[in-house]
Amino acid sequence: MSETAPPRIVIVGAGPAGIRAAATLVEAGLHPVVIDEAQRAGGQIYRRPPDGFIRTPEQLYGSEAAKASALHALFDRLSAEGRLTHCAGSSVIAVQEGRLHVMGEGGVPVIFHDRLILATGASDRVAPVPGWQSAGVYSLGAAQIALKAQGVALGQRIVLIGSGPLLTLVGAQLVKAGADVAAVLDTSSWRQQMRGFSGLAARPLVALRGLALRAKLGRRYHAGVTLECIEADGQGVVALRWRDAGGRQQHTPCDMIGMGWHLRAETHLADLAGCAFTYDERWRQWSPKTDQMGRAGNGVYVAGDGARLLGADGAEIAGRLAAAACLADLGFPAPSSAADLRELARLERFACGLASAFPWPAVMARALPDDAVVCRCENVTARDVRENVDFGGEANRVKSLSRVGMGRCQGRYCQLAAVELVAARAGCAPDAVGRFRGQAPVRPVPVGAFLREH
């Protein structure tokens, strides 16, 4: 008489959510498979540098050093003990009927699963600025990755633009590392930021740390700015034109610009896995529809910033909750989630405060000049998007006609602004025009990878 085979549980992502989900499953006696694009677990927020890197965790992660080190040690121990399988340096490029197509060094093998936990995190949310297609323009996340993973700044004279905690954090990290940060320009006004005060009070110590980081920026920081254009020559960025809160025009020479307006959930795999989506008016983006535990239906669970933008602490909780839900659904004893759910509610209040204090600049996106590039991958302009709305004001129809969002990033950086343009032209709200459908492969894949599979 044969024993029942243990369930095949796969976790995509080894950031705070993925690590906590894996640890919860291991504690229940299961052996999950963890797939992650990085070589070492930690995710973007706790990204680890290569071996031999001389900067300490305190220098890399600041006040979060202890949390980062604890997560790193936990995952490394579970992996070394053989209690989970870690597929490092691997990208899930497609999901189909219980199968994951995974791109790694050996090609594109297929991994089967009975339950799937998506802890894919988030990426930078950017808004087009005329000239942003120029060499020398990066996302805030790219600037942070270069600093954490290699200890380098991406420019000799840097300007950071956008809004949200990441803007302040990256600016302070670069200044501390000795980089020449000429200006940190926040499109949210002081008055707007005060509107989020009641929500931010849910985590007073975090809010105070943010203010302390901003104080370190000194006169570099400007609130309530209006971004006009990025100037560039044949080599790349040379300056940024902007207006301060008083309407005075400013011209700041630089050779690198980092940009970002908080984050956008990474949802391509959730889309391919068949998850339903809902429009989050607070964050002005689409998110997978889940219950409080992260259940998205059909044996799929979504944890961390890929579902709700609650930061690293929220991601750890969401990872535990998703794993607990998975265990319960499989008939295994699951840990109590009452305390985690209460804490998650507090983090939700804080996130509401952030969304109110540092809003997505919808007006800026909708007011783009016709000749401004919206989609950097395909060189699609605002005029191209607007003109194609007249043939049908639905996001995917405009996508197919104009090629906006059809390049290497698959709309990760242009979709939100493109949808604002479509909605403005069609005279409706962004949720009425829909979202770009996910397509496989979700990452660029060389043809040779598929050939090696056979």
Exercise for the section: Assess whether A41 counts as being more than 23 Å from E266 (Cα to Cα), among the small types (G, A, S), under 23 Å from the mean Cα position of the chain (by Cα) and not in a strand (DSSP E or B). Expected result: no
Fill in the blank from the handout: Residue hits (the stretch 214-237; within 19 Å of D180 (Cβ to Cβ), open to solvent by 50 Å² or more (accessible area, probe 1.4 Å) and within 25 Å of the chain's Cα centre (by Cα)) are H222
Exercise for the section: Determine, yes or no, whether G392 is open to solvent by less than 50 Å² (accessible area, probe 1.4 Å) and farther than 19 Å from A122 by Cβ. Expected result: yes
Handout entry: Per-region count, the stretch 421-449, residues open to solvent by less than 20 Å² (accessible area, probe 1.4 Å) and touching a residue at least 60 places away in the same chain (Cβ under 8 Å)
Key = 4
Problem - Residue within the stretch 123-140 that is aliphatic (A, V, I, L, M), crowded, with 18+ Cβ neighbours inside 10 Å, touching a strand residue (DSSP E or B) at 6+ places or on another chain (Cβ under 6 Å) and in a helix (DSSP H, G or I) present - result: yes
Fill in the blank from the handout: In the stretch 141-175, residues that are free of Cβ contacts under 8 Å to residues at least 40 places away in the same chain and not in a helix (DSSP H, G or I) total 1
Exercise for the section: Would you confirm whether any residue within the stretch 59-71 is touching a residue at least 40 places away in the same chain (Cβ under 8 Å), surrounded by fewer than 24 Cβ atoms within 10 Å (Cβ to Cβ) and not in a helix (DSSP H, G or I)? Expected result: no
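Residues are listed down the side, and each one gets a yes or a no for (1) under 29 Å from G29 (Cα atoms); (2) in contact with a helix residue (DSSP H, G or I) (Cβ under 7 Å, 6 or more places away or on another chain); (3) open to solvent by less than 20 Å² (accessible area, probe 1.4 Å):
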position	(1), (2), (3)
T278	no, no, no
Q285	no, yes, yes
D313	yes, yes, no
G319	yes, yes, yes
A328	yes, no, no
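The values are calculated or read from the model by the stated rules, or taken from the named source; none is laboratory data. Note that the structure is a prediction, hence the values are computed from the model and not measured. Cβ sites come from the backbone with ideal geometry, for glycine too, and all protein chains shown count toward neighbours. For accessibility, only protein heavy atoms count, side chains too; no ligands or nucleic acids. Shrake-Rupley method; radii C 1.70, N 1.55, O 1.52, S 1.80 Å.
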